[in-house]
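Step one of this worksheet: look at the structure below.
The values are calculated or read from the model by the stated rules, or taken from the named source; none is laboratory data. Everything numeric in this text was worked out from a predicted model, so none of it was measured. No Cβ is skipped: glycine too gets one built from the backbone with ideal geometry, and neighbour counts run over all protein chains shown. Calculation scope for accessible area: heavy atoms of the full protein, side chains included, ligands and nucleic acids excluded. Shrake-Rupley method; radii C 1.70, N 1.55, O 1.52, S 1.80 Å.
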Amino acid sequence: INKLRIDIFGNYVVQKLFDFGTPEMVEKVKQTIVGDMLTLSNQIYGCRVVQKALEIVNDDALLDLLSEIHGYVLSCIHDQNGNHVIQKCIEVVNKRIHENESKGNLDMANQFKTESQSILDCVTEDVLALSCHPYGCRVFQRILEHFDEKQKDNILDCISGFHQELLDDQYGNYVIQHVLRFGRTSDRDSVLDFVMKNGLLHLSRQKFASNVVEKLLKYGNDNHRKAIVREMLQVVQISGMDGSVEESSVVLMMVRDAYANYVVQTTLDVVPEGEEKRMLFKELNNHAALLRNFTFAKHIITKLGTCT
């Protein structure tokens, strides 16, 4: 077992023993992990065995395994293999909390709550750096997906101070997208406020920030969507190459951009009925002939045909 669990093929055999072995066999395999939890978690194949063990073993055994990574949560998060184990811990611990609460096993549920809180305490020490880390951002996503409302409020409060830094970061933007999906209305209000103050057109033209704006449209409420449409309909001045100055609505600038055109497409899908939607469609339809000359705007023309 010791050799198989870190073997490129053998680790799959060990995982199957957890799935289909007798209780005695599962216990024996689990015992091979005891005392080796940290080393296996940071090994490319061993981490897969550890994740399977976390799913399968009983509550007492799970608490024993979790105790071995106390004090090493951050080092595991920064490891290309260990971060997957921490993500699995978040998922499994939350599941065990709900299972034990539903059975009335409140003492065991509280023990798992202590485990989840210890993970939360570790990651809140340096929210910005972890959110901008290729592995750390995944851990925050799992926390927002699985932790209870009180714990989520804690992490959302911490993240709220860094919306500006995270919104257009190559990894941090994924954290903000999850904030928009699993967070509070106040978090969406905060992101909308940042978008309005820093320019919808500017942010929609950015590779990563444009994804955040799309998620704000998708997971925001009708008021958020209408506010974005009103911003799209604002008229701005643009300078020509010959020094001339022309006027254009923001949306007409967006539809011809490689990233911003997707924001417009999403808007057309989700904007609620009302004056804002009518004005948006009118603005685009009035300039349909012009838009056909731009590569990215052609997608908008197609979308207009399907939405009207």
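Values for this structure:
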{"item": "Test result for I97, in contact with a Ser or Thr (Cβ under 9 Å, 6 or more places away or on another chain), open to solvent by less than 50 Å² (accessible area, probe 1.4 Å) and farther than 29 Å from T39 by Cα", "result": "no"}
{"item": "Failed item in (1) open to solvent by 40 Å² or more (accessible area, probe 1.4 Å); (2) hydroxyl-bearing (S, T, Y); (3) over 18 Å from the mean Cα position of the chain (by Cα), with Y135 passing the rest", "result": "(3)"}
{"item": "Criterion: at pLDDT 95 or above, charged (D, E, K, R), within 19 Å of R96 (Cα to Cα) and surrounded by 17 or more Cβ atoms within 10 Å (Cβ to Cβ) - qualifying residue of E68, E55", "result": "E68"}
{"item": "Matching helices (runs of 4 or more DSSP H) fully within the stretch 241-308 where at least 3 residues are in contact (Cβ under 8 Å) with a residue 40 or more places away in the chain and open to solvent by less than 30 Å² (accessible area, probe 1.4 Å)", "result": "250-254, 260-270"}
{"item": "Single residue of F182, F208 found to be open to solvent by 10 Å² or more (accessible area, probe 1.4 Å), under 27 Å from V139 (Cβ atoms), touching a residue at least 40 places away in the same chain (Cβ under 8 Å) and not polar (S, T, N, Q)", "result": "F208"}
{"item": "In the stretch 2-44, residue most open to solvent (accessible area, probe 1.4 Å) [restricted to those that are farther than 21 Å from L66 by Cβ and in a loop (DSSP other than H, G, I, E, B)]", "result": "K3"}
